[in-house]
Amino acid sequence: MMSFRGRMARYAASGSKGIAVGRIAWRQQLAYKTDLLLRASFLLLILFVFEQLWSAAYGGDTSKVIGGFTLKQIVWYLVFTEALTLAVPPLAARIEEEVKNGEIAVRLTRPMSYVGYHYASYMAEAAFRFFVHLAVGGLIAWALVGAPAFGAGWADLLLLSAGALSILFLLHAIVALSAFWVEETSGMSFVLNKLQFTVGGMLLPLDLMPEWLQRICAWLPFQAALYFPARAGVQAHSADVLRDLAIQIGWLIALAAIVTWIYRRGVGKLHVNGG
Amino acid sequence: MRALTTHGLSKTFKVKRKPEGLSGSVRALFKPEWKDKIAVHSIDLAIEQGETVAFLGPNGAGKSTTIKMLTGILHPTSGEAEVAGFVPWRDRTKLAFRIGTVFGQKSQLWYHLPPIDTFELISRVYELTRADYAARQRDLIERFELGPYLHTPVRKLSLGERMRCEIAASFLHRPQLLFLDEPTIGLDVVVKQRIRELIRERNRREETTVFLTSHDAGDVEELCSRVIVIHHGGVLLDEPVERVKRDVLSRKTVRLTLAEEADLSGMPETAGVDIRESEPGRLVFSVDLKRIGIEEALNAFLGKVRIADLTVEDPPLEEIIKHIYGSQAREEVRS
């Protein structure tokens, strides 16, 4: 058995490895200027379209409240959910590629956890993109519907976004690790993305959905990945934030257990391609 | 000290068999047929610390599968192995600190960033102290002459420059055992030579055990002291390079470009010289150095042909291996 101090030292070593991977991934992001620019322009376009759509739904009335949201709140809600969704790197495609071309062999001969490596690199990239999208999206929303409500909401948004991106990592990791068995993961990725769009509350706050659907969503992890942080960003209620945080932690533990189980089974029977 | 031992190491894969055509694919979807494929069959190896071993065999002989088991990526179907004191598949992470890998066709360097960034990452992953990393980096940068491109993005480096960085990176954590898979593939002669020298120097200075697979006879001849050939998943030959060289590498191929068409019809046969191709403007023959020197062999042609250009080559590794298989088969028939 490893002593307590020994175990702590191992955790510290893993942590500093994760930070090192995060730093290099962050630096690599700066090399992808065109990709970043393209995503930012896409974000401008969709936010503009949605703003037009919602303005029509609200009949241009800035004081009207639908499902607890004003027009301004809805548009800022979309900025937050889009910033989170577009921040997620294509994890499944990456792992599938590593398995197909055998590059996974290089990663597995390193003294670092495979999933840990991908988590560190994913979080660095996702955080980088999240802030860029938040800035770009914020700019257009500000121009179209005015300044957001600053204050506790933004602190809650950032706090819940860290958990949200981690939950998205785990959900995508489940799909990605299935590449150890199946040849093609893009179908599953497609379904996962569409679930995020709908029951995750990306396009529409869950409050605006029918009662029965809301009840189903409450039992799914997707709301914790988009709806929680975005709603907290526009409507700060500290009691809700604590409850949201607790639900996020619950999902993190459950999904991490599933990912660990899948990884252990997969790596045991992995057939690394190529020589 | 032993760097690596295996005993009866075997690996069998289950491969899905798909009948031909669309109907076959549909049938396979509902009722897949599985077939066992023996990739590695009972391999016994014993390699000492500091040895340089060439691990050869034709494609599909089981080289990669063996290396993947020795690095802990694959679990064997049966048999035992110990690498640097660990059972690879059981203690993969602990073993990772002691071994290094270079896969000629797969890069460990971050493509858009300068090599120094990857070096820094590797130093963290292998838990080197800052002082150790600085000293190690200085030493390797100087010996591998990496100074000029340490701060250039990897995508802008030539293949030769990149490979030097790759290999330096894999030495950073002082591996006891280095697995090299086709480290000189695609490189020109001068760069190949330099890379071999650098690996040899590390082997001498740090007693790094080298376990190399290559299709290049030069890699084997200049870098390794021992050759292990596998075929159909089993060890076919395990001998010092010197002996293999004496027996098999003693043949050279001479290619002549001729200034005029030659008529060799009346030429007497020369012992140890075997004409392989003779066509207008070109003559290729092999020389058995055990029977005749290169100069003597050339003398046999002088006066009969006018030479415009000349090259002397080692036979390709495939040919050497084929020769080994041939002699092995003959021995089997004899016994």
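Values quoted throughout were computed directly from the atomic coordinates according to the rules given, and no laboratory measurement underlies them. Model, not experiment: these values are computed from the prediction. Virtual Cβ from ideal backbone geometry, glycine too; neighbours counted across all protein chains shown.
Results, tabulated for the structure shown:
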{"quantity": "Cβ-based exposure ranking for B:T209, B:T311, in which fewest neighbours within 10 Å come first", "calculated": "B:T311, B:T209"}
{"quantity": "Chain B, Cα convex hull volume normalised per residue, Å³", "calculated": "223"}
{"quantity": "Within 10 Å of each Cβ in B:96-106, the average number of Cβ atoms from other chains", "calculated": "3"}
{"quantity": "Label-point gap, in nm, between A:F197 and B:K14 - each point 7 angstrom along Cα→Cβ", "calculated": "3.8"}
{"quantity": "Efficiency of FRET between A:S113 and B:R276 - r from beta-carbon atoms, R0 60 angstrom, step 0.05", "calculated": "0.65"}
{"quantity": "Positive-pole candidate from A:P229, A:S55, B:V244, dipole of the protein assembly as shown, charges at beta carbon", "calculated": "A:P229"}
{"quantity": "C-alpha long axis of helix A:71-87 to longest principal axis of chain A, angle in °", "calculated": "10"}
{"quantity": "FRET efficiency, 1/(1 + (r/R0)^6) with R0 25 Å, evaluated for B:V87 and A:R5 via beta carbons", "calculated": "0.40"}
{"quantity": "Proportion of all alpha-carbon pairs of the protein assembly as shown beyond 30 Å (%)", "calculated": "64"}
{"quantity": "Mean ellipticity per residue at 222 nm, deg cm²/dmol - from DSSP H runs of n ≥ 4 across chain B, formula -39500 (n - 2.57)", "calculated": "-10500 deg cm²/dmol"}
{"quantity": "FRET E, pair B:D309, B:I185, Förster distance 30 Å, beta-carbon r, rounded to 0.05", "calculated": "0.65"}
{"quantity": "Mean ellipticity per residue at 222 nm, deg cm²/dmol - from DSSP H runs of n ≥ 4 across chain A, formula -39500 (n - 2.57)", "calculated": "-25000 deg cm²/dmol"}
{"quantity": "Highest-MSF residue in chain B out of B:L180, B:L236, B:L302 [GNM, Cα springs under 10 Å]", "calculated": "B:L302"}
{"quantity": "Cβ-based exposure ranking for B:F171, A:F131, in which fewest neighbours within 10 Å come first", "calculated": "A:F131, B:F171"}
{"quantity": "Gap separating the Cα centres of region B:1-76 and region A:33-99, nearest whole Å", "calculated": "49"}
{"quantity": "Share, in percent, of DSSP beta bridges within the protein assembly as shown that are antiparallel, nearest 5", "calculated": "70"}
{"quantity": "Mean Cβ count within 10 Å, highest first, over the residues of peptides A:133-140, B:214-221", "calculated": "B:214-221, A:133-140"}
{"quantity": "Virtual spin-label span in nm between B:W34 and B:H215, 7 Å along Cα→Cβ", "calculated": "3.3"}
{"quantity": "Amide proton proximity set for A:G102, modelled H, under 5 Å, gap of 5+", "calculated": "A:N273"}
{"quantity": "Simple Cβ-charge dipole of the protein assembly as shown, Lys/Arg +1 and Asp/Glu -1, about Cα centre, in debye nearest 20", "calculated": "1820"}
{"quantity": "Per-residue mean of C-beta atoms belonging to partner chains within 10 Å, peptide A:109-118", "calculated": "5"}
{"quantity": "Proxy reagent accessibility, fewest Cβ within 10 Å first, across B:E277, B:E48, B:E182", "calculated": "B:E277, B:E48, B:E182"}
{"quantity": "Distance between modelled label sites at A:W219 and B:T129, nm, 7 Å Cα→Cβ extension", "calculated": "5.7"}
{"quantity": "Extended-chain gain in nm, criterion 0.36 nm per residue less alpha-carbon gap, B:Q49 and B:M1", "calculated": "16.7 nm"}
{"quantity": "Tensor-based shape of region B:118-182 (alpha-carbon gyration tensor, a/c under 1.5 rounded, otherwise prolate or oblate)", "calculated": "oblate"}
{"quantity": "Listed residues B:T311, B:P268, B:I292: farthest to the positive end of the dipole of region B:251-313 (Cβ charges)", "calculated": "B:I292"}
{"quantity": "Under 10 Å, Cβ to Cβ, from B:P280 - net charge with Lys/Arg +1 and Asp/Glu -1", "calculated": "-2"}
{"quantity": "Whether region A:205-259 is rounded, prolate or oblate, judged on the alpha carbon gyration tensor where a/c under 1.5 counts as rounded", "calculated": "oblate"}
{"quantity": "Cα-based shape type of region B:251-313, given that a ≥ b ≥ c are square roots of the gyration tensor eigenvalues and the cut on a/c is 1.5", "calculated": "prolate"}
{"quantity": "Local electrostatic count at B:G24 - Lys and Arg +1, Asp and Glu -1, tallied over other residues with Cβ under 15 Å", "calculated": "+4"}
{"quantity": "Summed residue charge, Cβ within 12 Å of A:H172's Cβ, Lys/Arg positive, Asp/Glu negative", "calculated": "0"}
{"quantity": "Value of relative contact order over region B:1-104, rounded to a whole percent, pairs C-alpha under 8 Å and six or more apart", "calculated": "34"}
